[in-house]
Amino acid sequence: MADWPAGIGRRVHAELDSTLNEAARIAPSLSAPAWILTYNQTQGRGRRGRPWSMLSGNFAGALVLRPQEPPATVALRSFVAALALADALGGVTGRPELLALKWPNDVLLAGGKVAGILLEGIGQGAQVSHLAIGIGVNLAEAPPVEELEPHAVHPVSLLGVTGVRIAPEEFLTALARSYAAREAAFVTQGFAPIREAWLARAARLGERITARTGGTETTGIFETIDAQGALVLATSEGRRAIPAAEVFF
């Protein structure tokens, strides 16, 4: 396959319980990174254990890696994946100006959520040997709004917004190629250029947003993300760096 990045595996399934579950199953036998794609996912999940709807024609995939960096650095690949998704979506539509990145791990298209990312470590106990990057993209159809939590960004599909119809396997090739380029930059140059590129596409940068962690909410102006990927808000009580939260606006 001419456009497929060298040295990367590719596994396509008609149906799986979850691409992340499959990543955990195959990780011990892998000698190189590999992408997994399924046309039907029966137990897909998003952040905090929420279900992720798998509608016909949509993309459900995962990349399995064996990173060598400390855990805090490995976790920064959520930003690498977000940029790669935006690159791929912009490439297949020719409309990169419609895309924005919502901290910590969503991709927006014309203001609606078109894709989400979930990172999971794979290993026994405290020994994490592999990383799985799960990615869901509404290529053909957006899930019903009733499935969303209150105040969540409304879902959209690539087809519905842009009129572009693309098969999941074709999109996988575009995504694998764009991820390989961003991964190479991350490994060789570190997080700084990834951070800069992510901020250039950040949704609501410079605007007032709310970050919710458990039962605690923090509202402020979205100033930046720091060198560890934490959200930095300017609040009435000073600058706050928030390492993990759900963001609402």
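Element breakdown for the stretch 9-200 at a 1.4 angstrom probe: carbon and sulfur atoms account for 52% of the accessible area. Viscosity 1.567 mPa s, temperature 4 °C: give me the Stokes-Einstein translational D for the stretch 3-101 in µm²/s, with Rh taken as the Kirkwood radius over C-alpha pairs. The diffusion coefficient I find is 86 µm²/s. Sorted into 10 angstrom bins from 0, the C-alpha pair distances of the stretch 9-200 split as 9, 39, 38, 13, 0 percent. Inter-label distance, ARG208 to ALA244: 2.9 nm, where each label sits 7 Å from its Cα along the C-beta direction. Rolling a 1.4 Å probe over the protein heavy atoms gives the chain an accessible area of 46 Å² per residue.
Here the contact order of the chain, divided by its residue count and restricted to Cα pairs under 8 Å and six or more residues apart, works out to 17 percent.
Note on ALA14 and ARG95: their simple-model spin labels are 3.4 nm apart, each label 7 Å out from Cα toward Cβ. For the chain, a Gaussian network of Cα nodes joined below 10 Å ranks ARG201, ARG212, ARG182 by mean-square fluctuation, and the top entry is ARG212. Taking the average, over residues, of other Cβ atoms within 10 Å as the packing measure, peptides 158-170, 232-244, 12-24 rank 12-24, 158-170, 232-244 from highest down. The SER56 and SER31 beta-carbon pair, evaluated with R₀ = 35 Å, returns a calculated FRET efficiency of approximately 0.55.
The values are calculated or read from the model by the stated rules, or taken from the named source; none is laboratory data. This one's a predicted model, so the numbers in the text were calculated from it and none came from an experiment. Methodologically, a virtual Cβ is constructed for each residue, glycine included, from the backbone with ideal geometry; neighbour enumeration extends over all protein chains shown. Note: accessible area is taken over every heavy atom of the protein model, side chains too, but ligands, DNA and RNA are not part of it. Shrake-Rupley method; radii C 1.70, N 1.55, O 1.52, S 1.80 Å.
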